[in-house]
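Presented below is the structure to which this report refers.
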Amino acid sequence: MTILGLLCGVGAIIGGNILEGGHTESLMIFTAFVIVFGGTLGAVMIQTPLNVFLQSMKKIEWMIRPPEIDSEAMIGKIVEWGQIARQEGLLSLQRIAEQESDSFSRSGLQMLADGSEPETIRSVLEVELEMNENKDLLAAKVFEGFGGYSPTIGIIGAVMGLIHVMNNLADPAALGPGIAVAFVATIYGVGLANLIFLPMANKLKTLVNAQSQHREMIVNGIVSIAEGENPRNIEVKLQGYL
């Protein structure tokens, strides 16, 4: 969807420009791009701590390859864990915890195997869930920052282009490039914000919310096992998350 949306948005703008009789080359001004993207990047780097900035750059991969969330399969696994716990005891979940690939589920299974109280398991997992959610949402706020600064930097580029025009009124040949940079910088600023940065921020929020709901389901499932609830009842309860 990210790739299709980008192609659709950019294609509509370029296609509309061609239909109006414009030339695509007139939108490809490297100077304007450097002003807008470089200025926006600098502003975001000023406001963002290094570790948060690097974390947000890693999350760009989620735009193409979002984290896999298969809640239906996870419910099946939780029910299976509950059946094993009832038949063989909670300690039998130790070997399953060692083989579990998901670190969040592994933490819960380990506490189950250690015989932790249900409320202790819930409180520990909820803290981990909240901290992971907050960390991922910070990455979304970085892209919101890109989207907020980009149009303003585009206006700065436009003003710079007009200043260049005013300084060269005596040279008609220099007026065209200066005016072009002014308007194209504005297009870049608004376009980058509304076609790339803000949509990326909103998509990250959606993915983070889905991941948090998935983990909340895991918490409820593991706590239900710790409370000795019937696996069939656990399955019925968790079906509400689908």
* Structure fact -> Expressed in angstrom and rounded, the centroid-to-centroid distance over alpha carbons for the stretch 60-101 and the stretch 163-242 is 28 Å
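Rounded, prolate or oblate: which fits the stretch 1-129 when a ≥ b ≥ c are the square roots of the eigenvalues of the alpha-carbon gyration tensor, with rounded for a/c under 1.5 and prolate only if a/b beats b/c?
Prolate.
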* Can you give me the pair-distance distribution of the stretch 100-242, C-alpha pairs, 5 Å bins, whole percents? -> 2, 9, 13, 12, 11, 8, 7, 6, 6, 5, 5, 4, 4, 3, 2, 1, 1, 0
* What lysines could a cross-link reach from Lys59, if we take a straight Cα to Cα line under 26 Å and drop same-chain neighbours fewer than 8 places away? -> Lys135, Lys141, Lys203, Lys205
* Structure fact -> Charge dipole of the chain built from unit charges on the beta carbon (Lys, Arg +1; Asp, Glu -1), centred at mean Cα; most positive-end Cα among Asn134, Val44, Gln83 is Val44
* Whole-Hz Karplus ³J(HN,Hα) for the stretch 107-112, in order, using 6.51 cos²θ - 1.76 cosθ + 1.60 and θ = phi - 60°, x for Gly and Pro? -> 4, x, 4, 5, 5, 4
* To do: May I ask you to order 15-21, 107-113 by the average number of other C-beta atoms within 10 Å around their residues, highest value first?
  => 107-113, 15-21
* Once the Cα gyration tensor of the chain is diagonalised, semi-axes √(5λ) in Å -> 54, 18, 11
* **Only Lys, Arg (+1) and Asp, Glu (-1) charged, at Cβ; the stretch 1-90 dipole about Cα centre in debye** => 240 debye
* Structure fact -> Charge dipole of the stretch 179-235 built from unit charges on the beta carbon (Lys, Arg +1; Asp, Glu -1), centred at mean Cα; most positive-end Cα among Ser212, Ile222, Met200 is Met200
* Asked: Taking the simple approach of a point 7 Å from Cα along Cα-to-Cβ for both Asn202 and Gln55, what is their distance in nm?
  -> 2.4 nm
* State to the nearest 20 debye the size of the charge dipole of the stretch 53-142 about its Cα centre, where the only charges are +1 on K and R beta carbons and -1 on D and E beta carbons. => 300 debye
* **Estimated [θ] at 222 nm from DSSP helical runs (n ≥ 4, -39500 (n - 2.57)) normalised by residues in the chain, nearest 500** => -25500 deg cm²/dmol
* **Derived scalar couplings ³J(HN,Hα) [the stretch 118-130; Karplus, 6.51 cos²θ - 1.76 cosθ + 1.60; whole Hz; x for Gly, Pro]** => x, 5, 5, 4, 4, 5, 5, 5, 5, 5, 4, 4, 5
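Treat every Asp and Glu Cβ in the chain as -1 and every Lys and Arg Cβ as +1, leave all other atoms uncharged, and give the resulting dipole magnitude about the Cα centre to the nearest 20 debye.
That gives a dipole near 540 debye.
No value in this document is a laboratory result; all are computed from the given coordinates. Here the structure is a predicted model, which means the values were calculated and not measured. Cβ sites come from the backbone with ideal geometry, for glycine too, and all protein chains shown count toward neighbours.
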